[in-house]
Amino acid sequence: MAAISKKMCMIGDFGVGKTSLIRRFIEREFSDQYLSTVGVKISRKTVEVERVNTTEIVTVQLLIWDLEGHTKFKAIAPSYLQGASGALVVADLTRQETLERLPEHIKLFSSVNAKGSVIVALNKSDLVEEDKIAKLNDLSKEVIDSLPTAKERVLATYSTSAKTGVHVDEIFHELAARMIR
Ligand code: GTP
């Protein structure tokens, strides 16, 4: 059976771990080196997911667009986001300001893809104590909920680690399942 292709985007500030999450998901590897993404890089991976609320298994080819991180000087080009069914919006648990910018990224994504699904990844959980993660999780919910257009698009928030692999497969699989709904 031919696979369904779906475009998804990785969005977030620079250095939060977008490329590392893709690398962990596809190559099962992690590197401490930081090579900033320039422009966009597209990776592919085929996953099998259960269609939501059924037992039907669907093969989905994910086209994962890794976008250069947002900085003070450079915003994400909306044209990169066009045609995406979903986004993983990533923040870095060791840099609170990256959590505070989550609503901005979600708003931009949904302004281009009004029906797109969003999953939030609070990354680098291996560097932060459990109780602090819980507090930062609450903070991220608060900032997202303060912007109704962002709140209604977010399906779930996970704390992830590209280094240890915790919750990495889950975020990609859940997004894939939601994108074929
Ligand atoms: P840009 O391309 O500049 O937007 O960066 P990015 O968001 O793709 O970040 P990248 O994956 O390049 O990671 C930035 C740095 O953080 C690298 O040194 C990674 O090794 C490190 N890093 C990424 N994820 C994790 C993680 O889960 N845990 C730890 N400890 N380090 C991480």
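No lab work stands behind these numbers, since they all come straight from the coordinates. Treat the numbers as computed from the prediction; the structure is a model and nothing was measured. Note: ideal-geometry Cβ built from the backbone for every residue, glycine included; neighbour counts use all protein chains shown.
At-a-glance table
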read-out	value
Footprinting exposure proxy for Leu102, Leu139, Leu108 (fewest neighbouring C-beta atoms within 10 Å first)	Leu139, Leu108, Leu102
Relative intensity, log₁₀ I(q)/I(0), of region 131-173 from a Debye sum that treats every alpha carbon as a point, q = 0.19, 0.27 Å⁻¹	-0.68, -0.98
For region 62-181, alpha-carbon Rg relative to the globular expectation (2.2 N^0.38 Å, N residues)	1.01
Net charge contributed by nearby residues that have their C-beta within less than 11 Å of Leu21 (K/R +1, D/E -1)	+3
Packing-based order for 142-151, 31-40, 91-100, using average beta carbon neighbours within 10 Å, highest first	91-100, 142-151, 31-40
Nearby lysines by direct alpha-carbon distance to Lys163 (threshold 25 angstrom, same-chain neighbours under 8 apart not counted)	Lys7, Lys18, Lys41, Lys45, Lys124, Lys132, Lys135, Lys141
Region 35-105 - Debye-derived log10 I(q)/I(0), Cα point model, q = 0.20 Å⁻¹	-0.99
√(5λ) per eigenvalue of the Cα gyration tensor, region 94-140, largest first, Å	24, 10, 8
